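What follows is calculated from the coordinates using simple rules that are stated; it is not laboratory data. Predicted, not measured: the structure shown is a model, and the values here were computed from it. So basically every Cβ, Gly included, is an ideal-geometry build from the backbone, and we count neighbours across all protein chains shown.
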Amino acid sequence: MEQGRSAPIVVHTPTIPEGGRAISVQGRAVGVAHDAQDVILLVRRHGVELEREDLDRSPLVEWRGGDSAAWKLSDASP
């Protein structure tokens, strides 16, 4: 990945107290995920085939404000 460029899929910092993270594909908001399966379903609707194990290791996915275990605002890293 070039410096200053985001991965094509961004899982944004949790911002909803009850849980959820905004998902972007190529800079376009595509929905809110409440767990890893939601991320997979949202990105598949936009032509990206990922499996659960790909989410944590693929260079296509950038996790902001926490890893794949952080879904609530209280789980987010600073």
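Summary table below
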{"item": "Calculated SAXS-style log₁₀ I(q)/I(0) at q = 0.23 Å⁻¹ - the chain, Debye, Cα scatterers", "result": "-1.06"}
{"item": "Per-residue [θ]222 nm for the chain (sum of -39500 (n - 2.57) over DSSP H runs n ≥ 4, rounded to 500)", "result": "-4000 deg cm²/dmol"}
{"item": "Neighbourhood charge, 14 Å Cβ-Cβ cut-off, centred on residue 58 and excluding it, Lys, Arg +1 and Asp, Glu -1", "result": "-4"}
{"item": "The stretch 27-70 - Kirkwood radius from inverse mean 1/r over Cα pairs (Å)", "result": "10.9 Å"}
{"item": "The chain, relative contact order [Cα under 8 Å, separation at least 6], %", "result": "37 percent"}
